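Notes to accompany the following structure.
The values are calculated or read from the model by the stated rules, or taken from the named source; none is laboratory data. Not measured: the values here are computed from a predicted model. Methodologically, a virtual Cβ is constructed for each residue, glycine included, from the backbone with ideal geometry; neighbour enumeration extends over all protein chains shown.
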Amino acid sequence: DIQMTQSPSSLSASVGDRVTITCRASQSISTYLNWFQQKPGKAPKLLIYAASNLQSGVPSRFSGSGSGTDFTLTISSLQPEDFATYYCQQSYNTPRTFGQGTKVEIK
Amino acid sequence: EVQLVESGGGLVKPGGSLRLSCAASGFTFSLFTMNWVRQAPGKGLEWVSSISSSSTYIYYADSVKGRFTISRDNAKNSLYLQLNSLRAEDTAVFYCAREVGSGNYSRADYWGQGTLVTVSS
């Protein structure tokens, strides 16, 4: 199975900050990488697919980049509604493994 | 509007069984691959199983293979997950999710609200 490792596991940031979350795959997955946001008690929400494509309706402050084994999710200017947990997931093969999550908290 | 509504969760004893359902509406269900994803309390997301539009391709996580069975009824716009030989570590919220995109560029774009399965004596 492909292992997905996110860093950091948690971070504290202020409104307006630029935030970067990293996801590393245990083998090359080309650009077969999705990013999700999850708020407490809610279902995950798709933000980015194919490493860098913004899902319809997602604010442009979210962006994704990377290929091969190293990927990043960037929030250019953190907003109050962005405090949540973020997960990467590879779609290269099954099982469709997720990273362990990165919790973004208010500083 | 796309809607996915899970049901069937509850409290079950170790070794017991449950059948989860996911009712789909707002899209042509028969054209889409569907997935089940679970989340143990306070933990991360775990992909469980997927089934292609005509049930030709079915996949499972190793952790549930041989115990869980995914199925669908396109005439009823419904997805199912039969859970057998349940263990305490199966306690989780189970989400159904629609998959879009082709091949490796597939992604889960719509999710249900989840149904909680608790395995405890």
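For beta carbons closer than 8 Å, sequence separation of 6+ or different chains, a first residue in the range B:78-107 that is more than 14 Å from chain A (Cβ to nearest Cβ) and a second that is acidic (D, E), the qualifying pairs are B:Y80/B:D73; B:L83/B:D90.
Results for (1) of a type in the set (F, W, Y); (2) modelled with pLDDT of 95 or more; (3) within 11 Å of the chain's Cα centre (by Cα), shown as yes or no for each residue.
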site	(1), (2), (3)
B:L81	no, yes, yes
B:N84	no, yes, no
B:D90	no, yes, no
B:F94	yes, yes, yes
B:N104	no, no, no
B:Y110	yes, yes, no
B:V117	no, yes, no
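Number of residues in the range B:22-61 that are in contact with a Lys or Arg (Cβ under 7 Å, 6 or more places away or on another chain) and either assigned to a strand (DSSP E or B) or closer than 18 Å to B:R87 by Cα (or both) equals 5. Answer yes or no as to whether B:N35 is in contact (Cβ under 8 Å) with a residue 40 or more places away in the chain and either within 14 Å of another protein chain (Cβ to nearest Cβ) or surrounded by 14 or more Cβ atoms within 10 Å (Cβ to Cβ) (or both). Considered against the rule, which asks whether it is in contact (Cβ under 8 Å) with a residue 40 or more places away in the chain and either within 14 Å of another protein chain (Cβ to nearest Cβ) or surrounded by 14 or more Cβ atoms within 10 Å (Cβ to Cβ) (or both), B:N35 comes out as yes. What's the number of the condition B:K13 fails, among (1) of a type outside the set (S, T, Y); (2) in contact with a helix residue (DSSP H, G or I) (Cβ under 7 Å, 6 or more places away or on another chain); (3) loosely packed, with under 13 Cβ neighbours inside 10 Å? Single failed check for B:K13: (2). Is it true that some residue in the range B:60-72 is of a type in the set (K, R), surrounded by 14 or more Cβ atoms within 10 Å (Cβ to Cβ), facing chain A (nearest Cβ under 10 Å) and free of Cβ contacts under 8 Å to residues at least 24 places away in the same chain? No, the range B:60-72 has no match at all. Apart from one condition, B:N77 fits all of (1) modelled with pLDDT of 95 or more; (2) out of contact with any strand residue (DSSP E or B) (no Cβ under 7 Å at 6 or more places or on another chain); the exception is (2). A:S63 falls short on exactly one of the conditions (1) more than 14 Å from every other protein chain (Cβ to nearest Cβ); (2) without any contact (Cβ under 8 Å) to a residue 60 or more places away in the chain; (3) in a loop (DSSP other than H, G, I, E, B), and that condition is (3).
Return yes or no: is A:S56 more than 16 Å from A:S28 (Cα to Cα), loosely packed, with under 14 Cβ neighbours inside 10 Å, at pLDDT 95 or above and facing another protein chain (nearest Cβ under 10 Å)? Yes: the conditions hold for A:S56.
Scanning the range A:92-107 for residues that are hydroxyl-bearing (S, T, Y) and either touching a His at 6+ places or on another chain (Cβ under 6 Å) or under 22 Å from B:I51 (Cα atoms) (or both) turns up A:Y92, A:T94, A:T97. If you filter the range B:16-26 down to residues that are touching a Gly at 6+ places or on another chain (Cβ under 7 Å) and not hydroxyl-bearing (S, T, Y), you find that the one that is surrounded by the most Cβ atoms within 10 Å (Cβ to Cβ) is B:C22.
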